[in-house]
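Engineer: Handing you this structure, nothing more for now.
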Amino acid sequence: MKNLLIVESPAKSKTIKKYLGKDFEVLPSVGHVRDLEPVDGAVDVENDFAMKWKILPGKQKNISAIAQAVKKAENVFLSPDPDREGEAIAWHLYDILNKKKAFEGKNVKRVVFNEITKTAIQKALKEPREIDQNMVDAYLARRALDFEVGFKLSPVLWKKLPGSKSAGRVQSVALRVLCEREDEIEKFVPVEYHSIEGKFVTEEGKEFNSKLSHYNGVKLDKFAIKTSEEGNKIVEDLNVKDYSVAAIEKKKSQRRPYAPFTTSTLQQDASRKLGFAAKHTMRVAQKLYEGVDLGGETVGLITYMRTDSVALSKEAVEGARSFIGKQFDSNYLPEKPIFYANKSKNSQEAHEAVRPTNLSRTPKSIQGYLDKDQYRLYELIWKRTVASQMSNAVINQVAVDIVSEDKNAVFRATGSMIGFDGFLVLYNEAKDEKEEDSKMLPKMEEGQGVDKKSIFDEEHFTQAPPRYTEASLVKKLEEMGIGSPSTYANILDVIQLRNYARIEKKRFVCEDRGRIVVAFLKDFFAKYVEYDFTAGMENNLDEIANGDKQWKNVMMDFWTPFMDAVGKAHDLSNEEVADKLTNDLAIHLFHLKDGDSIEEARKCPDCGNGKLSLKLGKFGGFIGCSNYPECRYTRQLAINPDDKYVDEKNAKSAEDGTVEFGEIKGKKLTLRKGPYGHYVQLGEMEKGTSEKPKRVSLPKGVSPEEIDEKKAKFLIALPKKVAEDAEGNKIEVGIGRYGPYIKKGSAFVSIPAGQDLFTISKEVALDLASKARESAKKVSAEVLGKDDKGNEVLYYASGRYGPYVKSGKKSASVDKDLQAKIAGGEKLTLEIALELLSKK
């Protein structure tokens, strides 16, 4: 072996090995190999920001294997992914092995490729380079910033806001976007307005709709008619008149194709069209990038999926134009190629857009080799790429003015139709909000009379702004310059894992905990959750990567004022914090409407002279009376104060976590805390009997603050039927020793992390149940190797409680994080299996 190539993932190493032959050994680092030590002081500010690194658990064996292979190689190529994180992994590997003097006498270079194809890899090997220290410095700055914000700010939250889990440099700003939208919705006051609608019929009997645009010589704006009385009066006047066509206006507009996918636009459209969460999109894209077995040949199907570039290579453009020329009429192929430029002045990575590696590999031609989600995402990417090189669509727009005989009223009818579909024949981008359907108007001529069928007043109310979807939040963050292609999915995921917000009907809904955290940060760390400050910091990182700024200077500019803010926050009393947050969140906490008195709303309904305010207990926030303990009035944050649901008996919730949720068949339903965490219980232990009341533990990641009566009843009813398959088999959801599961007959499958147990759909349950059936039949084991006693180490992809490894009489479950990595293409190695078994 003359050459050693080091990549990130086992799946990628397998694919590449087939391209390079016997002169190359290809080994994976399996992602990052080390990180900052999880201790205060890991970033030593006093010592020029020196960093203390620690080998990640389970990675020492990977490093040892790579070190052994280095000894046998003449040339070593460091080839993790082509972005800052990949550059950082290459730097970490070089730093670790260089200190071991493993590279003495070796030729060590960095190579990058944007797609895993034989041509791209061979070209990259001919163009090796040194590790880009500027990119590494940008990584060091980001890692130090995120580490210090987390390590210094999170303890402040734990102390001042019990129950809060963490704060993050970008995560907290994204959460602020969500919470401010909640503020807008709560403060929104609907405004009534009216429109006058007219239905007319042409001489040929064709009906069309229109809207009154002018009345008595005045052009009507949206709010010109404010009440039904005004509207009815106008309708009464207009119903006695005759009408004719006064003018017909026709114009053509052209719509350009959409640019090829960047990371964020891919996540947005996959969310809108396919219903994929951002994290799932990236997981599926990773598999398509690393390679899929196409009948015995493993092929990388798409280019690198973390990019903010919209550019296509010359070969990709030619491939798209060739396909269009063969499959479509000549009108669909522009005379010249279309080139797209990045809008941002600091494009982080000099990559291409996300595109197929070979456009002649159509979705249909490889459908049999892909699972359902892989196929749908590949098809989306393929269509978007080809469509980006197609002709503009032509839209014919028509506006017809219908005028009354006395010329005092004008109705306008509008419609549009596609004159030439162009790129729309292949691809049209989905939208977050519903758009009015384009209407086709019947043929009419100026001066032609029309019969009125009906004229009526339509009542409307202005709508509050919609909550963010994953797609619209990613779009917003990108527009604001916050985050990067590699961070969006993680940001959205962490916000939900911290229980700061939840997804409901595909939209983010802020939890009380999230709103309290944002209010606290805006009050006491205002600068660090400012949008411009966070976007400016992203620009600083870009400038470091470009070599225009020194990373330690950027850190020092940040550090001093940040630590001053941390010190001031530590000195705050809990009373100061609670009072400030009570005032900031008064509209939300006390359900204030326009004109309501805050003082009146905060008056205790029990004692009459106490003042209600936010209380910060160890189980989170609640509303309590200032006269406690004489007055024991409390209520949950989300409960309307007019609802006497929470009273003195639930004052205990601030002390021991017990909350009552009514009764089921005469038995009390309660939320309690035991030595192993919180659980829901139905009834009490009856004297003289050994029968225990039914208990169900809260699923991992679900906090007691989230449990309301509906969720408590859902949990206590588990296991419960959620669907039925085509054969009539019952599909059940439940919670077991290893977390939530779907059950079909005797087969089980774990519900994946990120899927809300309480809102699991019939479709998701059926999909999981199909996997449970398959895994129940799959009992063969993969032999990973032998342990030091000579026992075979076996990997079972399924078992009663999920995947596991076994050696002799010892066995160990494969945890969910590792399951997700395996599902994403990562190889379960002998070393990892032995590490799992050693813990038993």
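Engineer: From the list V189, V111, pick out the single residue that is of a type in the set (V, I, T) and open to solvent by less than 50 Å² (accessible area, probe 1.4 Å). Show your work before the answer.
Structural biologist: Working: V189 fails: open to solvent by less than 50 Å² (accessible area, probe 1.4 Å).
Just one listed residue meets the conditions, V111.
Engineer: Looking at the structure I just gave you, is H214 touching a Gly at 6+ places or on another chain (Cβ under 6 Å), modelled with pLDDT of 95 or more and assigned to a strand (DSSP E or B)? Give the derivation first.
Structural biologist: Values: touching a Gly at 6+ places or on another chain (Cβ under 6 Å): no; modelled with pLDDT of 95 or more: yes; assigned to a strand (DSSP E or B): yes.
Spelling it out, it is not the case that H214 is touching a Gly at 6+ places or on another chain (Cβ under 6 Å), modelled with pLDDT of 95 or more and assigned to a strand (DSSP E or B).
Engineer: I'd like the full set of residues that are out of contact with any Pro (no Cβ under 9 Å at 6 or more places or on another chain) and either under 17 Å from G701 (Cα atoms) or surrounded by fewer than 18 Cβ atoms within 10 Å (Cβ to Cβ) (or both), limited to the stretch 737-746.
Structural biologist: The answer is R737, Y738, G745, S746.
Engineer: Could I ask something else about it? Give all pairs with beta carbons closer than 9 Å in which a residue from the stretch 323-336 that is more than 19 Å from S360 (Cβ to Cβ) meets a residue that is in a loop (DSSP other than H, G, I, E, B) and of a type in the set (G, A, S); count only pairs at least 6 apart in sequence or on separate chains.
Structural biologist: From the stretch 323-336, the pairs are N331/S391; P334/S391.
Engineer: Looking for something within 12 Å of F411 (Cα to Cα), in contact with a Gly (Cβ under 6 Å, 6 or more places away or on another chain) and of a type in the set (S, T, Y) - is there at least one such residue anywhere in the stretch 230-243?
Structural biologist: No: the stretch 230-243 contains no residue that is within 12 Å of F411 (Cα to Cα), in contact with a Gly (Cβ under 6 Å, 6 or more places away or on another chain) and of a type in the set (S, T, Y).
Engineer: With respect to G300, is the statement that it is open to solvent by 60 Å² or more (accessible area, probe 1.4 Å) and either in contact (Cβ under 8 Å) with a residue 60 or more places away in the chain or over 20 Å from F420 (Cβ atoms) (or both) true?
Structural biologist: Judged against the criteria, G300 is not a match.
Engineer: Keeping to the stretch 232-258, report how many residues are crowded, with 21+ Cβ neighbours inside 10 Å and more than 30 Å from K452 (Cβ to Cβ).
Structural biologist: Residues flagged as crowded, with 21+ Cβ neighbours inside 10 Å and more than 30 Å from K452 (Cβ to Cβ) within the stretch 232-258 amount to 1.
Engineer: Does T385 satisfy the criteria of being among the β-branched types (V, I, T), over 22 Å from the mean Cα position of the chain (by Cα) and open to solvent by 30 Å² or more (accessible area, probe 1.4 Å)?
Structural biologist: no
Engineer: Between residues in the stretch 72-89 that are without any contact (Cβ under 8 Å) to a residue 60 or more places away in the chain and residues that are of a type in the set (F, W, Y) and not in a strand (DSSP E or B), which pairs lie under 6 Å by C-beta distance while being six or more apart or on different chains?
Structural biologist: As it stands, the answer is A88/Y139, since those pairs meet every condition given.
Engineer: Within the stretch 402-411, is there a residue that is open to solvent by less than 10 Å² (accessible area, probe 1.4 Å) and of a type in the set (S, T, N, Q)? Please lay out each step first, then the result.
Structural biologist: Restricting attention to the stretch 402-411, the residues satisfying the condition of being open to solvent by less than 10 Å² (accessible area, probe 1.4 Å) are 402, 404, 409, 411.
Cutting the leftovers down to of a type in the set (S, T, N, Q) gives us 404.
Yes, the stretch 402-411 has at least one match.
Engineer: Scan the stretch 140-162 and tell me whether some residue there is surrounded by 15 or more Cβ atoms within 10 Å (Cβ to Cβ), touching a residue at least 24 places away in the same chain (Cβ under 8 Å) and more than 21 Å from V529 (Cα to Cα).
Structural biologist: yes
Engineer: Just one of (1) among the basic types (K, R); (2) part of a loop (DSSP other than H, G, I, E, B); (3) over 30 Å from L589 (Cβ atoms) trips up K123, so point out which.
Structural biologist: (2)
Engineer: Might you check whether a residue that is under 22 Å from the mean Cα position of the chain (by Cα) and open to solvent by less than 10 Å² (accessible area, probe 1.4 Å) occurs anywhere in the stretch 519-528?
Structural biologist: Taking every residue of the stretch 519-528 in turn, none turns out to be under 22 Å from the mean Cα position of the chain (by Cα) and open to solvent by less than 10 Å² (accessible area, probe 1.4 Å).
Engineer: Further, regarding this structure: Checking the condition touching a helix residue (DSSP H, G or I) at 6+ places or on another chain (Cβ under 8 Å) and at pLDDT 95 or above, which residue from V245, V136, V170 passes?
Structural biologist: Of the residues listed, the single one that is touching a helix residue (DSSP H, G or I) at 6+ places or on another chain (Cβ under 8 Å) and at pLDDT 95 or above is V136.
Engineer: Since A717 meets every condition but one in (1) modelled with pLDDT of 85 or more; (2) touching a strand residue (DSSP E or B) at 6+ places or on another chain (Cβ under 6 Å); (3) within 25 Å of L497 (Cα to Cα); (4) open to solvent by less than 90 Å² (accessible area, probe 1.4 Å), which condition does it not meet?
Structural biologist: That leaves (2) as the condition not met.
Engineer: Are any residues in the stretch 1-19 farther than 14 Å from D293 by Cβ, at pLDDT below 85 and either over 31 Å from the mean Cα position of the chain (by Cα) or open to solvent by 30 Å² or more (accessible area, probe 1.4 Å) (or both), and if so, which ones?
Structural biologist: Scanning the stretch 1-19 gives a single hit, M1.
Engineer: Okay, moving on. Of the residues that sit in the stretch 20-49 and are over 19 Å from F77 (Cβ atoms) and of a type in the set (D, E), which one is surrounded by the fewest Cβ atoms within 10 Å (Cβ to Cβ)?
Structural biologist: E46
Engineer: Something else about it: Report yes if S391 is outside any loop (DSSP other than H, G, I, E, B), small (G, A, S) and open to solvent by 10 Å² or more (accessible area, probe 1.4 Å), otherwise no. Explain how you work it out, then say what you get.
Structural biologist: On the way: outside any loop (DSSP other than H, G, I, E, B): no; small (G, A, S): yes; open to solvent by 10 Å² or more (accessible area, probe 1.4 Å): yes.
No; evaluated as a whole, the condition is false for this residue.
Engineer: Conditions: (1) closer than 25 Å to L157 by Cβ; (2) within 20 Å of the chain's Cα centre (by Cα); (3) open to solvent by 40 Å² or more (accessible area, probe 1.4 Å); (4) not polar (S, T, N, Q). E479 meets all but one. Number of the miss?
Structural biologist: (1)
Engineer: Something else about it: Determine which single condition V112 fails, assuming it passes every other condition in (1) in a helix (DSSP H, G or I); (2) in contact (Cβ under 8 Å) with a residue 24 or more places away in the chain.
Structural biologist: Failed condition: (1).
Engineer: Got a sec? Which of A90, A69 is surrounded by fewer than 21 Cβ atoms within 10 Å (Cβ to Cβ) and under 27 Å from V292 (Cα atoms)?
Structural biologist: Result: A69 is the single residue among A90, A69 that is surrounded by fewer than 21 Cβ atoms within 10 Å (Cβ to Cβ) and under 27 Å from V292 (Cα atoms).
Engineer: Looking at the structure I just gave you, is Q286 at pLDDT below 95 and more than 30 Å from L768 (Cα to Cα)?
Structural biologist: When the stated conditions are applied, Q286 does not pass them.
The values are calculated or read from the model by the stated rules, or taken from the named source; none is laboratory data. Nothing here was measured: the structure is a model prediction, and the numbers come from that model. In this analysis, Cβ positions are derived from the backbone assuming ideal geometry, glycine residues included, and neighbour counts consider all displayed protein chains. Each accessible area value is taken on the protein alone, full model and side chains, heavy atoms only, with ligands, DNA and RNA left out. Shrake-Rupley method; radii C 1.70, N 1.55, O 1.52, S 1.80 Å.
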